[in-house]
Amino acid sequence: MKILVTGGAGFIGSAVASRLVSCGHDVVVLDNFNQYYDVALKRARQKAFLPDIEVVEGDITNADDTETLFAAHQFDLVCHLAAQAGVRYSVEAPEVYVQTNVLGTQMLFEAMQQHGVTRMVYASTSSAYGMSVKVPFVESSAADRPVSVYAATKRAAELLAHSYFQQYDIETTSLRFFTVYGPWSRPDMAMLKFAQKMVAGEAIDIYNHGDLRRDFTYIDDIVDGFVKAVEKPLGYEIVNLGCGKPVTLTQFVSELEDALGVTAKKNMLPMQQGDVYETYADIQKAKELLGFVPQTNFTKGVETFAKWFVDYYNV
């Protein structure tokens with residue numbers, strides 16, 4: 001298939017694009033290489049994962065960029081991973097999230113509709129569950145009480161997908177990712193941010209005094225699930241991609257200390273605005289529809305991340 005990967009220089013997008021090529025697909029990447037975090041890391045991913053892939057620098061919120069791209073290629077499917085990420089930054093700059101995650105997604109759907117592209121696999125988030133108190137999180141939950149603007153905009157894009165499915169028969173599988181981690185991750189994500197501070201002897205912020213639980217999911221498992229969704233049309237579906245085994249923040253820090261061989265200095269803090277206490281994926285639907293079974297346990301995943309971190313940053 002001819003596939004467009006938006007956000008293809010990102011943490012997950014670059015890994016997805018590379019895997020799709022290895023599966024025999026013809027891939028084009030669209031990324032705006034913005035300044036949200038170190039552009040050098042994005043360029044390094046481009047060199048490592050996308051050496052033989054056409055990379056177009058453009059923005060999904062720019063109609064000229066998307067029109068030019070869709071006019072030049074007859075795509076069979078769009079893997080939509082471009083987004084303004086990060087729960088915490090959405091408190092500071094909510095308008096950026098609405099512009100990119102909602103308007104940008106709508107403009108992308110409109111380009112698809114105009115050019116006859118009838119399938120999308122969309123990178124959504126476990127944050128969409130918001131104030132849900134029932135764990136593990138199941139896709140049938142209402143997901144109508146988001147805690148952060150980030151979560152609200154990603155949920156809004158899922159609903160836009162449903163409207164384009166009803167009106168134009170554009171099929172979308174929305175994959176709700178649960179706390180993805182691993183090599184090449186973003187500097188604003190906890191694992192890389194903590195690692196950098198720990199090796200520098202700086203204190204890390206431990207919110208809710210370590211009493212938080214996250215369903216950490218290794219990057220390779222996420223990519224496996226994403227590619228399975230690419231290869232299996234499902235109409236309109238929302239599917240969790242997680243490990244199904246939540247880890248406490250305290251355990252997370254302990255595993256990272258062991259992997260890096262350092263002891264972290266800790267700032268124990270209360271719960272942070274926009275955060276949720278626990279994420280926990282019910283992955284039965286992913287197993288049934290996609291044959292998705294995560295393979296990487298947390299300890300092994302942290303060790304692999306630590307090895308990459310030491311090599312990449314010359315620690």
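Matching residues to (1) within 19 Å of Leu77 (Cβ to Cβ); (2) in a helix (DSSP H, G or I); (3) among the hydrophobic types (A, V, I, L, M, F, W, C):
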{"position": "Ser18", "(1), (2), (3)": "yes, yes, no"}
{"position": "Gly24", "(1), (2), (3)": "yes, no, no"}
{"position": "Ala48", "(1), (2), (3)": "no, yes, yes"}
{"position": "Asp52", "(1), (2), (3)": "no, no, no"}
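Specify the residue that is surrounded by the most Cβ atoms within 10 Å (Cβ to Cβ); the eligible residues are those in the stretch 258-307 that are closer than 15 Å to Gly242 by Cβ and among the aromatic types (Phe, Trp, Tyr).
Looking at residues that are closer than 15 Å to Gly242 by Cβ and among the aromatic types (Phe, Trp, Tyr), I get Phe292.
Do we find a residue being touching a Phe, Trp or Tyr at 6+ places or on another chain (Cβ under 7 Å), in contact (Cβ under 8 Å) with a residue 24 or more places away in the chain, at negative phi and not aliphatic (A, V, I, L, M) anywhere in the stretch 24-41? Full working, then the answer.
Pass one, the stretch 24-41, residues touching a Phe, Trp or Tyr at 6+ places or on another chain (Cβ under 7 Å): 39.
Within this subset, residues satisfying the condition of being in contact (Cβ under 8 Å) with a residue 24 or more places away in the chain are none.
The answer is no; no qualifying residue exists.
Just checking, which of Ala83, Ala71 is touching a residue at least 12 places away in the same chain (Cβ under 8 Å), farther than 15 Å from Tyr122 by Cα and aliphatic (A, V, I, L, M)?
Working: Ala83 fails: farther than 15 Å from Tyr122 by Cα.
Being touching a residue at least 12 places away in the same chain (Cβ under 8 Å), farther than 15 Å from Tyr122 by Cα and aliphatic (A, V, I, L, M) holds for just one of Ala83, Ala71, which is Ala71.
Please go through the stretch 197-223 and give me each residue that is at pLDDT 95 or above, among the acidic types (Asp, Glu) and either touching a Gly at 6+ places or on another chain (Cβ under 8 Å) or surrounded by fewer than 19 Cβ atoms within 10 Å (Cβ to Cβ) (or both), ordered by number.
Glu202, Asp215, Asp220
What single numbered condition from (1) among the hydrophobic types (A, V, I, L, M, F, W, C); (2) without any contact (Cβ under 8 Å) to a residue 60 or more places away in the chain; (3) crowded, with 21+ Cβ neighbours inside 10 Å; (4) closer than 27 Å to Tyr89 by Cα fails to hold for Met112?
(4)
Would you confirm whether or not the stretch 172-190 contains a residue that is buried (at least 19 other Cβ atoms within 10 Å of the Cβ), more than 16 Å from the chain's Cα centre (by Cα) and not in a strand (DSSP E or B)?
Taking every residue of the stretch 172-190 in turn, none turns out to be buried (at least 19 other Cβ atoms within 10 Å of the Cβ), more than 16 Å from the chain's Cα centre (by Cα) and not in a strand (DSSP E or B).
Could you run through the stretch 260-313 and say how many residues are under 28 Å from Thr173 (Cβ atoms) and of a type in the set (Gly, Ala, Ser)?
Residues in the stretch 260-313 being under 28 Å from Thr173 (Cβ atoms) and of a type in the set (Gly, Ala, Ser): 5 in total.
Give me the pairs: first residue in the stretch 153-165 and of a type in the set (S, T, N, Q), second residue in a helix (DSSP H, G or I), beta-carbon distance under 6 Å, and six or more apart or on different chains, which are they?
Correct list of pairs: Thr153/Tyr97; Thr153/Val98; Thr153/Asn101; Thr153/Val102.
The values are calculated or read from the model by the stated rules, or taken from the named source; none is laboratory data. Quick caveat, the model's predicted, so the values are computed rather than measured. Here the Cβ is made from the backbone with ideal geometry for all residues, glycine too, and neighbour counts use every protein chain on show.
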